[in-house]
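Engineer: Dumping the structure here so I can ask a few things about it.
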Amino acid sequence: MGMKAGRLPQSESKMRAGTPDARQRISFSFRHIEQSHEKFHYDSREARYFCRFIARLSALSNFSVQEFHANRSSAIRAHPIAWDRTSEPKGFHHLHEQLKSTTPFQSAVSANEHGRVHGFFVDHVFFVVWLDPDHRLYQSNR
């Protein structure tokens with residue numbers, strides 16, 4: 001059965017209409033990154049850190065959001081953040097209310113030595129908010 005000219009398959013029309021597709025791969029945005037946070041600065045990091053960070057984002061971009069949420073790999077260490085268990089109980093306080101109400105997530109940059117990346121999803125886009133090369137989000141001193 002052929003398609004009529006000018007019509008998209010249902011899955012493509014849903015994506016164009018803005019409905020997220022569970023199979024759509026993760027993309028990344030730095031629109032909400034907080035570069036001046038006293039704990040989560042990265043200006044003194046060497047190139048090796050950023051190479052690992054970009055490699056991690058590249059690897060994660062092969063996952064769908066659903067796969068990311070379901071993955072319990074110790075290499076990825078992806079999980080939601082419970083703000084009340086962190087050194088930042090107010091969370092992403094610099095964002096507007098709608099974004100602050102999204103579920104925050106973190107993932108490892110690489111195996112323990114390069115810290116974590118913290119952010120949130122809107123549809124399939126992960127918005128990076130904090131780079132945490134020294135694992136400071138879970139340090140006990142608040």
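Just so it is clear, none of the values below were taken in a lab; they were calculated from the coordinates. For clarity, every value in this text was computed on a predicted model and none was experimentally measured. Methodologically, a virtual Cβ is constructed for each residue, glycine included, from the backbone with ideal geometry; neighbour enumeration extends over all protein chains shown.
Engineer: Starting from the Cα of ASP84, step 7 Å along the direction of its Cβ; do the same at SER29; then give the gap between the two resulting points in nm.
Structural biologist: According to this spin-label approximation, the distance is 3.0 nm.
Engineer: Please list the non-local residues whose amide H lies under 5 Å from the amide H of VAL122, H modeled 1.01 Å from N, same-chain partners needing a gap of 5 or more.
Structural biologist: PHE127
Engineer: In nm, to one decimal, how far is the ASP43 label point from the SER110 one, both placed 7 Å along Cα→Cβ?
Structural biologist: It works out to 2.4 nm between the two label points.
Engineer: Run the dipole for segment 40-142 about the Cα centre, Lys and Arg Cβ at +1, Asp and Glu Cβ at -1, nothing else charged, and hand back the magnitude in debye, nearest 20.
Structural biologist: The dipole magnitude comes to about 200 debye.
Engineer: Continuing with the same structure: Shape call for segment 82-142 from the C-alpha gyration tensor, a ≥ b ≥ c root eigenvalues: rounded (a/c under 1.5), prolate (a/b greater than b/c) or oblate?
Structural biologist: It comes out oblate by the Cα gyration axes.
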